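Novice: After the structure tokens below, expect a handful of questions from me.
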Amino acid sequence: MHDSIERVLLTEDQIKTRIEELGRELAADYADKNPIFVGILKGVVIFFADIVRAVPIPCQFDFMAVSSYSGTNSTGIIKVKKDLSADIEGRHVVILEDILDSGLTLKYTTEYLKSKNPASVKICTFLDKPERRQSDIVADYIGFTVPNLFVVGYGLDYDEEYRNLPYVGVLKPEAYTK
């Protein structure tokens, strides 16, 4: 375990098992729809790679970079840093996200994508942190619901560190209150 981690919240095995379950759900729901999976960079990269490999159906990928964070706090100002490459009109879109907490960024992203006239837009989040919700958005597919703790690993970061941890851990307060 990394020195800055207080405790492991989700183990590698727990994550792997849940990814397989989500993959089966998504494959069943989108079997004949050729969905486009849209990953919200950067935190989603590890979850994205694992989930799309767990969904053995025809699909396409695209990515967006959307942010409202500075350090540990949401600024409330949403910025699209990288837009889609693909045309999603008439397509079934599944947004893949690392964590749904305040919901502000995901609400904006969902509305933004809906303005491009897709057949449908659904949300699949690795982690859901409902205690932090400031927007009336709910994910359609949830990996894990977690308490209001500062978590890192499996793509989640603090100042671009800890993304490569194979588990989700609770960051020690002294690691982010410097």
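The values are calculated or read from the model by the stated rules, or taken from the named source; none is laboratory data. A quick note: this is a predicted structure, and the numbers were derived from the prediction, not measured. FYI the Cβ positions are ideal-geometry reconstructions off the backbone, even for glycines, and counts take in every protein chain you see. For the accessible areas, the whole protein counts, side chains as well, though only heavy atoms, and no ligand, DNA or RNA atoms are used. Shrake-Rupley method; radii C 1.70, N 1.55, O 1.52, S 1.80 Å.
Novice: Which GluC sites (Glu not before Pro) from the range 29-124 combine a DSSP loop assignment with at most 13 other Cβ atoms within 10 Å?
Specialist: Those that pass, being in a loop and sparsely packed, are Glu89.
Novice: Could you do me a favour and compute the accessible area per residue for the range 74-141, 1.4 Å probe, result in Å²?
Specialist: For the range 74-141, the per-residue accessible area is 47 Å².
Novice: Helix 12-29 versus the longest principal axis of the chain: what is the Cα-based angle in degrees, 0 to 90, to the nearest 10?
Specialist: The two axes meet at around 20 degrees.
Novice: Further question on the same structure: Within the range 47-178, how many Lys pairs that are eight or more residues apart, or on different chains, come under 20 Å at the alpha-carbon?
Specialist: 15
Novice: Restricting to DSSP loop positions (anything but H, G, I, E, B) with no more than 11 other Cβ atoms inside 10 Å of their own Cβ, which GluC sites (Glu not before Pro) remain in the range 135-178?
Specialist: Of the GluC sites (Glu not before Pro), the ones in loops of the range 135-178 whose Cβ has at most 11 other Cβ atoms within 10 Å are Glu160.
Novice: Rank Leu84, Leu156, Leu127 by mean-square fluctuation in a GNM of the chain with C-alpha springs under 10 angstrom and give only the top-ranked residue.
Specialist: Leu84
Novice: Within the accessible area of the range 38-168, what % is carbon and sulfur when the probe is 1.4 Å and the other protein chains stay in place?
Specialist: 49 percent
Novice: Compute the helix-to-body angle for 104-114: its Cα long axis versus the longest principal axis of the chain, expressed 0 to 90° and rounded to tens.
Specialist: 10 degrees
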